[in-house]
Amino acid sequence: MKPRIRVKSLCVFGYEGRILAALGVDEVKGERFYRPLGGAVEFGETAANALRREIREELQEEIDEPVLLGVLESRFTFAGQPGHEIVFVFDARFVNPRLYSQSLVPFIEAACSGEAEWINPQEPPRYPLYPEGLTRLLERQEGR
């Protein structure tokens, strides 16, 4: 299959200086990393609607109106394969406020399941935060 550019929609769920990020693992590199929740934008779907659908699928939760923070272009290698994504980065609020008091939030994705955790992107990270450029995007939002 010919490599292609994928379009993603991710959400940071900013709350009290923290964001919600899932812990991922690249077995080939032996690297752990953080990435906000979300997923692929399907044909005919807006990035905001894709985000609503992905959060419903991954967390069985609803979100309030997402706000676009920016768009990042991400080129990377994962599991030994090159990747290229255009990533719409949103902030939104959960309709269910109990998620903000949980230190770990369970999620289910097609490829894996696990727990997302609230991290402070301004502190030195335990693991890299992807997509590349996300930390700078969040810092620019703080400065507004």
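No lab work stands behind these numbers, since they all come straight from the coordinates. Only a predicted model underlies this, so the values are computations on that prediction, with no experimental measurement involved. Here the Cβ positions follow ideal geometry from the backbone for every residue, glycine too, while neighbour counts run over all protein chains shown.
At-a-glance table
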quantity: Per-peptide average of other Cβ atoms within 10 Å, ordering 4-12, 70-78 highest first; calculated: 4-12, 70-78
quantity: Segment GLU115-ASN96, length gained on full extension (0.36 nm per residue, minus Cα span); calculated: 5.1 nm
quantity: Inter-site label distance for ALA79 and GLU123 at 7 Å from Cα along Cβ, in nm; calculated: 3.1 nm
quantity: About the Cα centre, charge dipole magnitude for region 4-53 (Lys/Arg +1, Asp/Glu -1 at Cβ), debye; calculated: 80 debye
quantity: Computed over the chain, Kirkwood Rh from alpha-carbon pairs, angstrom; calculated: 15.5 Å
quantity: Debye, to nearest 20: dipole size of the chain, +1 on Lys, Arg Cβ, -1 on Asp, Glu Cβ; calculated: 340 debye
quantity: Separation of the LEU68 and LEU23 label points, Cα + 7 Å toward Cβ, nm; calculated: 3.4 nm
quantity: Whole-angstrom gap from region 41-117 to region 10-25, using each part's C-alpha centre; calculated: 9 Å
quantity: Value at 222 nm in deg cm²/dmol, rounded to 500, when DSSP H runs of n ≥ 4 in the chain each add -39,500 (n - 2.57); calculated: -4500 deg cm²/dmol
